[in-house]
Amino acid sequence: MLMPNRRYADLKASYLFRRIDERVAAYQSAHPGQPLYRMGIGDVSLPLCGAVIRALHEAVDDQAAAATFQGYLPECGAPFLREAIAAHYARRGVTLDPDEVFVSSGASDELGDILDLFSPESAALVVEPAYPAYVDANVIAGRRIVHLASGPENGFLPAPDGSLDAGLIYLCSPNNPTGAVYDRAGLQAWVDFANRRGAVILFDAAYEAFIEDPALPRSIFELPGAETCAIEICSLSKTAGFTGTRLGYTVIPRVLERQGMQLHAMWVRNRTTKTNGVSYILQKGGAAVFTPQGQREIQENIRVYKQNARVLMEALDRAGLWYCGGKNAPYLWLRCPGGMDSWTFFDYLLAEIQVVGTPGAGFGACGEGCFRFSTFGSPADTREAAARLAALLG
Ligand code: MLT
């Protein structure tokens, strides 16, 4: 008889963002026609930029003519996109062989799939509050999880310490949900720790494009020694508005080995077995992000989201709430007023002012009592949400 994976029973009944959707849907069916201001999931509101749209159209035309038609592409990514990404890193002083860049269908898919590289016997260290898929994917894989709580006392950027026993280390910087960003010394401490311990860091860099302070590292590979202990997982979702289009990339250095096994070669083996890669059309659109025009245009969109952050911060200041983030990251992390728990605050905001956020408890136990706002909404919705927040809480 077939045995199901019983570890699913150890998960919460539904994934965080699905739970939010369910609560919002229940509210909407009880209040039809009521407008909502969505600052919950980090889903972008601005359309793809012109350079990407033109490239996508051209790629569709390529598929219409025998001379330019593309069938299967290399599973690990089209050379033109891998080269464009490697050149993008080179402009920031990081040397990569294009083959060390793997094109993916997005960071969230990759964060789950990459676990195929590691034995379930190696524990995973998750710095919390954390993107909930880190924990859920490891529960499904049957891996022991070491939860490392962070808080305002360490700026949500804990340092490694000798008592931590895990083979896999999740770091997300700029951080989802707190917006905290490791500086070079803080990240170097983790790189040195991982090299000493023979651990591997899964570095989630999905929000690197939001870093505005040039002293802060945007890639873990800016730090010496990272090539022997880190895998970097990136996404065009937030950088370039690809949440619905789906495209990302993962960097695995060739020199990254554990117990005589080269993780790069293992991932090539995995991808060539389990996928036929990302579509030609999307990879062409993705390559346009790395052109000078594409870079200028995505920066214009990021500026809009940063202005949204300022609008929300002003409202939180008026309400007198403690918060962090919003400067080098597209999320604001705040303390719920009056000692409310985070799902109660969620329901309160939804019922009173129709603003949707994300309860901090969804990012781990130490997120209880806190709340996250995304700055990816439309400017008009963000202004309205901010005005409502200030009026309700100010
Ligand atoms: C978030 O809101 O945390 C992210 O947008 C979710 C995701 O990227 O899957």
Review point. Given 4 °C and 1.567 mPa s, how large is the Stokes-Einstein diffusion coefficient of the range 258-394 in µm²/s, with Rh as the Kirkwood radius over Cα pairs?
Key: 73
Study note, to complete from the structure: Residues whose built amide H sits under 5 Å from the amide H of residue 150, excluding neighbours closer than 5 in sequence, are 128
Point to revise | the chain: most fluctuating residue of 190, 322, 333 per GNM, C-alpha cutoff 10 Å | key: 322
Review point. Build a GNM of the chain with springs between Cα atoms under 10 Å: which of 243, 228, 95 gets the top mean-square fluctuation?
Key: 95
Practice item. Could you tell me what percent of the DSSP beta bridges with both partners in the chain are antiparallel, to the nearest 5? Key: 50
Check your understanding: What percentage of the solvent-accessible surface of the range 167-255, computed with a 1.4 Å probe over protein heavy atoms, is contributed by carbon and sulfur atoms?
Key -> 51
Exercise for review: Could you work out the Rg to Rh ratio of the chain, with Rh taken as the Kirkwood radius (inverse of the mean 1/r over all Cα pairs)?
Suggested key: 0.96
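In a shell of Cβ-Cβ distance under 11 Å around residue 42, excluding residue 42 itself, what net charge do Lys and Arg (+1) and Asp and Glu (-1) give?
Local charge sum for residue 42: +2.
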Review point. How far is it, in nm, from the label point at residue 62 to the one at residue 46 when both lie 7 Å from their Cα along the line to the Cβ?
Key: 2.6
Revision key, fill the gap. Note to self, the chain gives a 222 nm [θ] from helices alone (DSSP H runs n ≥ 4, -39500 (n - 2.57) apiece, / all residues, nearest 500) of -12000 deg cm²/dmol
Check your understanding: Under a plain spin-label model, where a point goes 7 Å from the Cα along Cα-to-Cβ, how far apart in nm are residue 314 and residue 184?
Key -> 3.6
Exercise for review: Name the long-range amide H neighbours of residue 38: under 5 Å, sequence gap of 5 or more, or other chain; modelled H, no Pro or chain starts.
Suggested key: 356
Review point. Using the Karplus equation 6.51 cos²θ - 1.76 cosθ + 1.60 (θ = phi - 60°), what ³J(HN,Hα) coupling, rounded to whole Hz, does each residue of the range 324-334 give in order, writing x for Gly and Pro?
Key: 9, x, x, 9, 9, 7, x, 10, 10, 10, 10
Exercise for review: Can you pull the one-decimal nm distance between simple spin-label points at residue 291 and residue 340, each 7 Å off the Cα toward Cβ?
Suggested key: 4.7
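Given a 1.4 angstrom probe, what's the average accessible area per residue across the chain, in square angstrom?
Ligands and nucleic acids excluded, the figure is 42 Å² per residue.
The values are calculated or read from the model by the stated rules, or taken from the named source; none is laboratory data. Treat the numbers as computed from the prediction; the structure is a model and nothing was measured. Every residue, glycine as well, gets a Cβ built from its backbone with ideal geometry; the counts of neighbours run over all protein chains shown. Quick note on the areas: whole protein, heavy atoms, side chains included, nothing else; ligands and nucleic acids left out. Shrake-Rupley method; radii C 1.70, N 1.55, O 1.52, S 1.80 Å.
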